[in-house]
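The values are calculated or read from the model by the stated rules, or taken from the named source; none is laboratory data. Keep in mind that what you see is a predicted model, and the values were worked out from it rather than measured. Don't worry about glycine lacking a Cβ; one is built from the backbone with ideal geometry, like all the others, and counts go over all protein chains shown. Just so you know, the surface numbers come from the protein's heavy atoms only, side chains and all, with ligands and any DNA or RNA stripped out. Shrake-Rupley method; radii C 1.70, N 1.55, O 1.52, S 1.80 Å.
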Amino acid sequence: MGSKVLRAESVLRILSLVFAAMGALLVGLDTQTKTVFFVTRTATFKDMDALWVMTVVFSVTAGYHLLHLFRCLAFTWLGKNPCHCTKFVAWLYFVLDQGSTYATFGATMAALQAALVGLFGVGILQWSKLCNIYTRFCDQVAGGIICGLAATLVMAVVSAISAHRLFQLYPRSRRSSLKSAGGGRQWLLF
């Protein structure tokens, strides 16, 4: 069972690495120049702070998953099982996995909100639509956001595996003895 979970985690980390890197590259390398009323303007990801933050978060997340894959490969090459670790290391991986998942989700949602403002505009604030001018730019940003959503979903599964590994390190006897002491009718909060 442990080797299947390890393989699944490796495949999921590769998928999250690929989706995060694709999202960062799609948005980070996206530029489009248009001339409107004799004014030449170039749209880049630096024009919207949410797109810049999304690119940075995706890059850091892809780097984290790449380092984690190298760690797994090194342990496998040395013949050690990377699943067996101390509670401190398991907590560290759990917190880092959760943090990368939440950061990617937050950056993706902020970029989605900024993209919707660019797509539909805000008439009350007199913000005009931009996606009817910079169509290719907006299409690539949409692709980056879709990659971010896919990366977030894959990272959520990786976080669940990490949580499962962490809580396997704690004994079951304490939970079962507390439950049996109360006759099974007592609600446990811990």
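Remarks
- If you go through the range 111-148 and pick out every residue that is at pLDDT 85 or above and not hydrophobic (A, V, I, L, M, F, W, C), you end up with 7.
- Within the range 132-142, one or more residues are open to solvent by 30 Å² or more (accessible area, probe 1.4 Å), assigned to a helix (DSSP H, G or I), among the small types (G, A, S) and farther than 14 Å from S100 by Cβ.
- The range 48-70 - residue that is open to solvent by 50 Å² or more (accessible area, probe 1.4 Å) and modelled with pLDDT under 90 and, of those, nearest to Y134 (Cα to Cα): M48
- A156 fulfils the conditions (1) open to solvent by 70 Å² or more (accessible area, probe 1.4 Å); (2) among the aliphatic types (A, V, I, L, M); (3) under 25 Å from the mean Cα position of the chain (by Cα) except for a single criterion, (1).
- Residue tally, condition touching a residue at least 40 places away in the same chain (Cβ under 8 Å) and either charged (D, E, K, R) or surrounded by fewer than 19 Cβ atoms within 10 Å (Cβ to Cβ) (or both), over the range 26-43: 5
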